[in-house]
1. Where the accessible area of segment 164-221 is counted over protein heavy atoms with a 1.4 Å probe, how much of it, in %, is carbon and sulfur?
2. Under a crude label model (7 Å from the Cα following the beta-carbon direction), how far is SER79 from SER138 in nanometres?
3. Going by accessible area, probe 1.4 Å, with all protein chains left in place, what is the ranking of LYS124, LYS176, largest first?
4. Can you give the FRET efficiency to the nearest 0.05 for ARG72 and LYS124, using r as the Cβ-Cβ distance and R₀ = 30 Å?
5. Per-residue ellipticity at 222 nm for the chain, helices alone: DSSP H runs ≥ 4 residues times -39500 (n - 2.57), over residue total, nearest 500 deg cm²/dmol?
6. Take the residue pairs LYS104/LYS128; LYS97/LYS176; LYS175/LYS222; LYS155/LYS222; LYS111/LYS176 and return only those whose Cα atoms are more than 32 Å apart.
7. Once amide H atoms are placed 1.01 Å from N in the peptide plane, what residues at a sequence separation of 5 or more from VAL33, or on another chain, have their amide H within under 5 Å of its amide H?
8. I need the calculated FRET efficiency for the pair GLN219 and ALA112, taking r as the beta carbon distance and R₀ as 30 Å, to the nearest 0.05.
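The values are calculated or read from the model by the stated rules, or taken from the named source; none is laboratory data. Since this is a predicted model, take the numbers as computed values, not measurements. Quick reminder, even Gly has a Cβ in these numbers, built from the backbone with ideal geometry, and neighbours come from all protein chains shown. Ligands, DNA and RNA are stripped out before the accessible areas are found, and what is left, the full protein with its side chains, is counted by its heavy atoms. Shrake-Rupley method; radii C 1.70, N 1.55, O 1.52, S 1.80 Å.
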Amino acid sequence: MRLINNLYIIFLGAPGSGKGTQAAYVAQKLNLVHIASGNLLRQAVEQGTELGRQTRSYMEEGVLVPDPISIRIVLERMSAPDCESGVILDGFPRNLKQAETLDKVLAREAKAIDKVVYIKVSEKGLIKRLSGRWVCRSCQTPYHIISSPPKVWGKCDRCGGELYQRPDDTMEAVKKRLEVYFAETVPLIDYYTRADKLVEIDGEGGVDEVGKRIVAALQAEKVCG
Ligand code: ADP
Ligand code: ZN
């Protein structure tokens, strides 16, 4: 896979849309760094850092952590040397304030977001996907008890790590996360449509099927060869 230029791609989609899985898949194909804000924040919680202590309760409840925290943690990661040839952002930005800040910061370096991949799935499937989800404690790879089970129950195929259910995958927190998504994140679809950056992908179907659709769409947009 050949890159046309340095790429800044955002993956947008509801919790449970499969955006994390697809972001990881496409990042590997295009040889880009995958930055998942939720993973960065969960790592901070696991490590018990000051930042982790500040964010834990928000995350368990399913609401957004304060903008200054999410913005700082993502921008810090983006400024690492391995991100120089571009990144895939997954879970960030999640509201207008974050999107505007990101645009400003990139503009300062004469960079810009190239494309926003919006993974569209029906609302009905979301709760089902989230409630069967198990995640690797070490590398954060997500599995699903029905649609993508691990080879050995409880163990990560990739790294052998232990699988666990996220505390915010409870029914109550899932409902909250979806509420927050519709209220705060959905306006970004409009924001990036107006900027002529949105690429809408049908997110129904298997992991490979959706992944191929995304790569084909990015090729059609001349983002990669
Ligand atoms: P999902 O997309 O499945 O809800 P994530 O791992 O992306 O899962 O996010 C989990 C939680 O982390 C969110 O519910 C929120 O509390 C926090 N979080 C992640 N990204 C952001 C962000 N950009 N801004 C604020 N909070 C965030
Ligand atoms: Zn793993």
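1. Numbers: 1610 of 3150 Å².
The computed percentage sits at 51.
2. Each label point is offset 7 Å from its Cα along the Cβ direction, giving 3.2 nm.
3. In descending accessible area the options line up as LYS124, LYS176.
4. Efficiency computed from Cβ-Cβ geometry: 0.25.
5. Values: 9 runs with 101 residues, N = 225.
Roughly -13500 deg cm²/dmol at 222 nm, from the helical runs in the chain.
6. Numbers: LYS104/LYS128 37 Å; LYS97/LYS176 20 Å; LYS175/LYS222 37 Å; LYS155/LYS222 38 Å; LYS111/LYS176 34 Å.
Among LYS104/LYS128; LYS97/LYS176; LYS175/LYS222; LYS155/LYS222; LYS111/LYS176, the Cα-Cα distance tops 32 Å for LYS104/LYS128; LYS175/LYS222; LYS155/LYS222; LYS111/LYS176.
7. Correct list: ILE88.
8. On the way: r = 20 Å, r/R0 = 0.67.
Calculated value: 0.90.
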